[in-house]
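Down below is the structure, laid out as structure tokens.
The values are calculated or read from the model by the stated rules, or taken from the named source; none is laboratory data. Remember, predicted model here, so these are calculated numbers, not experimental data. We place every Cβ from the backbone using ideal geometry, glycine too, and count neighbours over all the protein chains shown. Just so you know, the surface numbers come from the protein's heavy atoms only, side chains and all, with ligands and any DNA or RNA stripped out. Shrake-Rupley method; radii C 1.70, N 1.55, O 1.52, S 1.80 Å.
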Amino acid sequence: EGEEGEEGEEGEEDGALFSPPPVSSAAAPLRIVILGGGPAGLSAAIYAARAGLSPVVVAPAFGGQLQGKGVDVENFPGVMEATGPGLVARMRRQAAAFNATMVSGAAVRVDVSRSPFTITLDEAEAPLYARALVVATGADSRWLGVPGEHEYRGRGVSSCATCDGYLYRGKDVVVVGGGDSAAEEALLLARTSRSVTM
């Protein structure tokens, strides 16, 4: 099957998948709200939708970490050739096909001190109320902000050794940082790279 809609068209298609936040209240809460629109959040949405729970996925339409990777995703099971945006677009369409509701936005406040939970969104007039909440907001890389960093992402600069380390096998690599995360990345890269400098 081809990768139709993977580049260019997916932005238009994905835009049609998003809806305004549904109406809910403390007396009539949503069954489940999922914060995060990456693989974990969309997997949760697919399972919840298939179980008849009418999930609401709250995530920025422009996506997260995987959306920012324009290079091929090669380490996702069952997917040999897809970009990050293309893979997320497929997942969104699949979740929407099972009647998951997609809301473009970000949660700015979550109150889980009482049930139903209250989720305040950045651009919504009223909060969402939910009986269940899945937080699948993923990770965010800490970039240095140095010249060339953005231009060379996916072309020699990476923020994920697990994701991209295989591309540098047999090569000399540099890991910037001195904390636990940098040490973990360096250890992983040491298995396949010629040398690792921290």
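Odds and ends about this structure:
- Residue 131 being assigned to a strand (DSSP E or B), of a type outside the set (A, V, I, L, M) and modelled with pLDDT of 85 or more: yes
- Condition check for residue 102: of a type in the set (A, V, I, L, M, F, W, C) and touching a Lys or Arg at 6+ places or on another chain (Cβ under 7 Å): yes
- Scope the stretch 25-36; condition open to solvent by 20 Å² or more (accessible area, probe 1.4 Å) and either touching an Asp or Glu at 6+ places or on another chain (Cβ under 7 Å) or in a loop (DSSP other than H, G, I, E, B) (or both); matching residues: 25, 26, 27, 28, 29
- Filter result (at pLDDT 90 or above, in a loop (DSSP other than H, G, I, E, B), open to solvent by 90 Å² or more (accessible area, probe 1.4 Å) and touching a strand residue (DSSP E or B) at 6+ places or on another chain (Cβ under 9 Å)) within the stretch 143-175: 151, 171
- Taken over the stretch 69-116, the criterion of being acidic (Asp, Glu) and either more than 30 Å from residue 156 (Cβ to Cβ) or at pLDDT 95 or above (or both) is satisfied by 111 alone.
- Residue within the stretch 132-141 that is farther than 20 Å from residue 36 by Cβ and not aromatic (Phe, Trp, Tyr) present: no
Residues are listed down the side, and each one gets a yes or a no for (1) aliphatic (A, V, I, L, M); (2) touching a Ser or Thr at 6+ places or on another chain (Cβ under 7 Å):
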{"residue": "147", "(1), (2)": "no, no"}
{"residue": "159", "(1), (2)": "no, yes"}
{"residue": "167", "(1), (2)": "yes, no"}
{"residue": "198", "(1), (2)": "yes, no"}
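- Residue in the stretch 42-50 that is modelled with pLDDT of 95 or more and either open to solvent by 70 Å² or more (accessible area, probe 1.4 Å) or more than 24 Å from residue 84 (Cβ to Cβ) (or both) present: yes
- Checking the stretch 79-95 against the condition returns a match, with at least one residue being in contact (Cβ under 8 Å) with a residue 40 or more places away in the chain and over 17 Å from the mean Cα position of the chain (by Cα).
- Checked against (1) over 24 Å from residue 27 (Cα atoms); (2) exposed (fewer than 15 other Cβ atoms within 10 Å of the Cβ); (3) in contact with an Asp or Glu (Cβ under 7 Å, 6 or more places away or on another chain), residue 108 passes all but a single condition, namely (1).
- Check on residue 192, assigned to a loop (DSSP other than H, G, I, E, B) and farther than 30 Å from residue 45 by Cβ: yes
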